[in-house]
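Only one structure is covered here, and it is reproduced in the block below.
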Amino acid sequence: MSVNILDQAPTFYTYSQSQAAEHMLNTAITQAKAKISESFEEYLEIFDKFYADDVEVSSEGQQEPIRGKARVGSLLLSFLIPLHVMAEVGGLAISIKETTISGDAADEIHSAWTLNLVGVSGKTCTLNWRTLRKWNGARVVYEHHYDEQRSGEPLTFDDLVFDMIEPVAGFQGGQG
């Protein structure tokens, strides 16, 4: 019988238990990412399941950290919705890869991420960053993004395909 680490609620998690939760979170993200063209709601479920209500998120280029699940969730949506639309409607191909980085601090877990975005034109933009997470039990309480890099030019409208629907016979929109 397998035990879900999130169903347990110990007040103290060992480093190996935090590593197991980290692995579960990263696996959920990478497996769901392949389905971003279908829906972004799965990411919100992952976020709700793994992140604490009082989570704090920061990055190198950010003045102040973002605090609280509602504020971080809004930021996540501002990233996921356009990505979903570009994948579903514009034909954007998306892949993500995560690699765990060995560390020596018991309360920190680092990982390296690569997000590849490929337009229908064949143009590719790759984003790389590293993430530091701190856990309290089965929930992320702190996440910091650092060493952010981009290779390739940003994708443009020309790198996507938005097929226009054929006009309906007899309809002349825009004319008064």
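Any read-out appearing in this document is the output of simple, stated calculations on the displayed coordinates, not a laboratory observation. Keep in mind that what you see is a predicted model, and the values were worked out from it rather than measured. We place every Cβ from the backbone using ideal geometry, glycine too, and count neighbours over all the protein chains shown.
Summary table
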quantity: Contour excess over end-to-end distance, with Cα ends at GLN149 and SER95 and 0.36 nm allotted per residue; calculated: 17.8 nm
quantity: Hits among lysines - C-alpha to C-alpha of LYS69 under 19 Å, sequence gap 8 or more where chains match; calculated: LYS49, LYS134
quantity: Residue-by-residue Karplus 3J(HN,Hα) for the stretch 72-80, coefficients 6.51, -1.76, 1.60, Hz, glycine and proline x; calculated: 5, x, 5, 4, 4, 4, 5, 8, 5
quantity: Candidate aspartates and glutamates for bridging to LYS97, where Cα separation is under 17 Å - those fewer than 8 sequence places away on the same chain excluded; calculated: GLU22, ASP147, GLU148
quantity: Residues in the stretch 112-137 reached by a label modelled at LYS49 [backbone nitrogen below 20 Å; 7 Å Cα→Cβ]; calculated: 133-137
